[in-house]
Amino acid sequence: MSEEEGRRMEPRIVYREYVYPREDGGAGPSRELRLRIPEVLDSEYGMYVWPCAPVLAQYIWYHRASMTGKRLLEVGAGVSLPGIVAAKCGASVILSDSAALPQCLENCSRSCAQNNLTTVPVLGLTWGEVSPDLLTLPPIDIILGSDVFYEPKDFEDVLVSARFIMERNPNAEFWATYQVRSANWSIDALLHKWDLRCVNVPLREFDADRECLAGSALPGRHSIQMMIITMKRDPLC
């Protein structure tokens with residue numbers, strides 16, 4: 001292989017900057033959170049920051065005072081923006097993506113390196129599969145999922161994995177953002193099947209009902225929704 005061919009095979013990476021200002025009047029070096037998030041531009045990888053990620057990250061940033069000491073797992077992390085924000089806010093974070101996609105796991109590690117988070121674990125967790133890494137997960141308080149409800153064929157696998165984690169952590173919550181792409185989009189039947197319930201969180205409640213977040217215009221005019229999924233407390237409800 002020639003040097004030129006080798007260069008063509010290397011993924012093309014760009015870095016986007018996200019800035020989260022403190023709105024409490026704070027001063028000094030901690031008056032804002034500034035992040036660099038890598039994106040792999042080659043079509044075969046497809047690791048971009050999608051509009052859902054800044055919205056979920058905004059929810060975490062809005063609740064940053066309660067993040068310290070929380071134990072979070074981001075699933076389908078890829079670029080890892082929500083998980084990186086959570087880690088910077090004092091949470092204990094694990095990043096994960098499909099075990100069959102090593103390039104995604106590599107990008108999770110790349111995101112950590114770019115933001116000086118050298119101790120954040122990166123695991124290969126495939127939706128719907130009970131793997132050794134899933135079985136040995138430490139206690140989890142919050143599962144994060146940005147645009148993981150993208151392909152309808154994956155919806156049940158995502159919820160099965162979440163349900164498995166919640167059975168071991170009954171008070172855990174699944175924070176998820178999704179983009180409304182179809183009027184027929186629904187997980188209601190699957191939530192009922194797996195004894196889960198969901199509460200929608202209006203974007204205005206965490207200052208995400210705008211086209212620009214963290215200096216990014218990615219949310220734009222897309223229809224993004226935020227929901228919190230938990231186990232049903234009463235099996236009869």
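The values are calculated or read from the model by the stated rules, or taken from the named source; none is laboratory data. From a predicted model like this one, the values you see are computed outputs, not experimental measurements. Glycine also receives a Cβ, built like all others from the backbone with ideal geometry; neighbour counts cover every protein chain displayed. Accessible surface areas use protein heavy atoms only, side chains included; no ligands, DNA or RNA. Shrake-Rupley method; radii C 1.70, N 1.55, O 1.52, S 1.80 Å.
Things to note:
- Within segment 20-42, considering residues that are touching a Pro at 6+ places or on another chain (Cβ under 9 Å) and modelled with pLDDT of 75 or more, the one nearest to Gly78 (Cα to Cα): Val40
- When segment 124-140 is filtered for residues that are open to solvent by less than 20 Å² (accessible area, probe 1.4 Å) and over 15 Å from Ser80 (Cα atoms), the ones remaining, listed by number, are Leu134, Ile140.
- Helices (runs of 4 or more DSSP H) within segment 118-237 that include 2 or more residues touching a strand residue (DSSP E or B) at 6+ places or on another chain (Cβ under 6 Å) and in contact (Cβ under 8 Å) with a residue 60 or more places away in the chain: 155-168
- Of all residues in segment 141-153 being buried (at least 20 other Cβ atoms within 10 Å of the Cβ) and under 22 Å from Gly69 (Cα atoms), the one that is farthest from the chain's Cα centre (by Cα): Ile142
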